[in-house]
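The values are calculated or read from the model by the stated rules, or taken from the named source; none is laboratory data. Bear in mind that the values here come from a model prediction, so they are computed numbers and not experimental data. Neighbour counts are summed over all protein chains in view; Cβ atoms, including those assigned to glycine, are modelled from backbone coordinates with ideal geometry.
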Amino acid sequence: MALFGNEEIHRRELRNIFGRCWVFLAHESEIPANGDYVVRKIGEDKFVVVRDEQGAINVLFDACRHRGVQVCRADSGNTSHFRCPYHGWTYNTKGDLVGAPLWKNAFGGMPKEDNGLSKAAKVETKHGLIFATLDPSAPPLEEYLGGMGWYLDLVFGLNEHGVEVLGPPQRFVIDANWKSGADNFSGDDYHLGTLHRSVWEIGAFPVPFRENMMGYHIHAAPGHSLSFSMAPTEDEPGPKFFGYPEHLVETFNTSRISEHQLDVARRSRVFVGNVFPNFSILALPMTEDGAHHAPTGVLTIRTWQPHGPGQVEVWNWFCAYKNMTPDQKDRAYKAGLGTFSMGGSFEMDDTEPWITVGRTGRSVAAELLDFKLNYQMGQPGIGIAKRVEDWVGPGVVYWSRYEEGVQRNLFRFYSDMMRAPAGVWPKSSIEP
Ligand code: FES
Ligand SMILES: [Fe+2]
């Protein structure tokens, strides 16, 4: 239980988890032009994600090499240089030190090359999603994602146009631990019928609760889990392709994904998943107001940004396929805002219990009583979930969604990373 509130564990997470894993920072569509930048975090540390004059993406530690002062003071913008406000050391968009006031008098003779901004050890993108790691011993991004890559392709590669973000991310702070978000988005579908009951009453989501529990839980790779809501047979009525409108669905094809992936997407009503540690994805049909607008496909991506063990800042982007019409984008954005955003119907429900999880995590009683959490749903002999052997994609798979192996997969890898010695990548596996 202390995982959700202990200060020492949190410091170790910053080093062993956020200091080593591939962390999602931004989408390429946020920095389309050379010189565009956004400021993001790895763990609790700020990094500038900037497109340089050659169009390459650099992830620069936002700390001046002279005295460690924060160099970039805006959240986003376009620039050719970053100038430290303290003494004026100036860096280009590759992070190279290019000058300082009265250089000759002050530093003449000192090589500039060794004094550029520090950089993330590795930066890679997938479908425009920009990830970075601080650990030179981390495996390449594709290897780190493992089977999860197949499912990211399935969502972000549905057509050849790809995805863009709709405006800057919405940000809000909750008094909860970041892992409550990761745990929930790994596939906690079971809470919908209780916590989100009112969303059916206002017609915000079109699939009845029991039906929505039908589908697959997938331990895609160590740490990375996801869940699909899917009808038991193909002929059943209900949304397909996450509820996207027909004329958009017509552009979904196999130019970037396989027949199998397209077929899984076709049958899917909801996709929810988490890329370890703190990057979550959700695609589903929703509306802000069932009385006036039918549900439509919404794709949101988000990070659970730790602020100490007791707070999480949610960064929430709405995405659209680039070939959606302005009206479709507008509809998806409003439906998203009304449901999964600071003031959205789903989001306001979720945040309250997570606050009390954190409170229990910090409590003396939990420590004294050796209080343990229960993650047993779907284990052998418990509930109705069954292992699926003939699934077309990667991972360990269960039907139906009455299963908490997705979260056990998250915490198994978490535990491996927390125990791994520096420089040694743990040999983790996915287990039933
Ligand atoms: S601290 Fe940045 S120039 Fe001195
Ligand atoms: Fe929820």
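Within region 82-106, being part of a loop (DSSP other than H, G, I, E, B) and β-branched (Val, Ile, Thr) holds for one residue alone: Thr93. Restricting attention to region 380-403, which residues are touching a residue at least 40 places away in the same chain (Cβ under 8 Å) and in a loop (DSSP other than H, G, I, E, B)? Ala385, Trp391, Val392, Gly393, Pro394, Gly395, Ser400, Arg401, Tyr402, Glu403 - these are the residues of region 380-403 that are touching a residue at least 40 places away in the same chain (Cβ under 8 Å) and in a loop (DSSP other than H, G, I, E, B).
In the set Val249, Val298, Val275, only one residue is touching a helix residue (DSSP H, G or I) at 6+ places or on another chain (Cβ under 9 Å), in the same structural domain as Asn212 (by TED's automatic domain parsing), more than 23 Å from Gln328 (Cα to Cα) and aliphatic (A, V, I, L, M); that residue is Val275. Residue check: Met342 meets all listed conditions (1) more than 30 Å from Pro168 (Cβ to Cβ); (2) part of a loop (DSSP other than H, G, I, E, B); (3) in contact (Cβ under 8 Å) with a residue 60 or more places away in the chain but one, namely (1).
Selection of region 59-109 for residues being among the polar types (S, T, N, Q) and under 17 Å from Lys119 (Cα atoms) yields Gln70, Thr90, Asn92, Thr93. If you go through region 107-147 and pick out every residue that is without any contact (Cβ under 8 Å) to a residue 12 or more places away in the chain and either surrounded by fewer than 16 Cβ atoms within 10 Å (Cβ to Cβ) or part of a strand (DSSP E or B) (or both), you end up with 6. From the list Val39, Val69, exactly one residue is touching a His at 6+ places or on another chain (Cβ under 9 Å), away from ligand 2 (no atom under 16 Å from the Cβ) and either in the same structural domain as Phe107 (by TED's automatic domain parsing) or within 20 Å of Arg171 (Cα to Cα) (or both). Which is it? The conditions single out Val69. Determine if region 75-83 includes at least one residue that is out of contact with any His (no Cβ under 6 Å at 6 or more places or on another chain) and of a type in the set (A, V, I, L, M, F, W, C). Yes. From Tyr144, Tyr91, Tyr86, which residue is in contact with a Cys (Cβ under 9 Å, 6 or more places away or on another chain) and either under 21 Å from Phe24 (Cβ atoms) or within 16 Å of ligand 2 (Cβ to nearest atom) (or both)? Checking each option against the conditions leaves just Tyr144. Taken together, the residues in region 46-82 that are within 24 Å of Leu14 (Cβ to Cβ) and among the aromatic types (Phe, Trp, Tyr) amount to 2.
Could you tell me how many of the residues in region 59-78 are within 16 Å of ligand 1 (Cβ to nearest atom), part of a loop (DSSP other than H, G, I, E, B) and under 17 Å from Asn34 (Cα atoms)? Summing the residues that are within 16 Å of ligand 1 (Cβ to nearest atom), part of a loop (DSSP other than H, G, I, E, B) and under 17 Å from Asn34 (Cα atoms) in region 59-78 gives 1.
Please work out which one of (1) at pLDDT 95 or above; (2) loosely packed, with under 14 Cβ neighbours inside 10 Å is the condition Gly378 fails and give its number. Just one mismatch for Gly378, condition (2).
Checked against (1) more than 16 Å from ligand 2 (Cβ to nearest atom); (2) more than 17 Å from the chain's Cα centre (by Cα); (3) surrounded by fewer than 18 Cβ atoms within 10 Å (Cβ to Cβ), Asn159 passes all but condition (3).
Of the helices (runs of 4 or more DSSP H) lying entirely inside region 166-249, those containing at least 1 residues that are modelled with pLDDT of 95 or more and crowded, with 18+ Cβ neighbours inside 10 Å are 178-185, 192-195, 209-212, 246-249.
If the condition is being touching a Ser or Thr at 6+ places or on another chain (Cβ under 9 Å) and in a strand (DSSP E or B), then region 33-47 contributes Asp36, Tyr37, Val38, Val39, Arg40, Lys41, Ile42.
Here is the figure for region 338-361: residues that are surrounded by 18 or more Cβ atoms within 10 Å (Cβ to Cβ) and away from ligand 2 (no atom under 16 Å from the Cβ) total 2.
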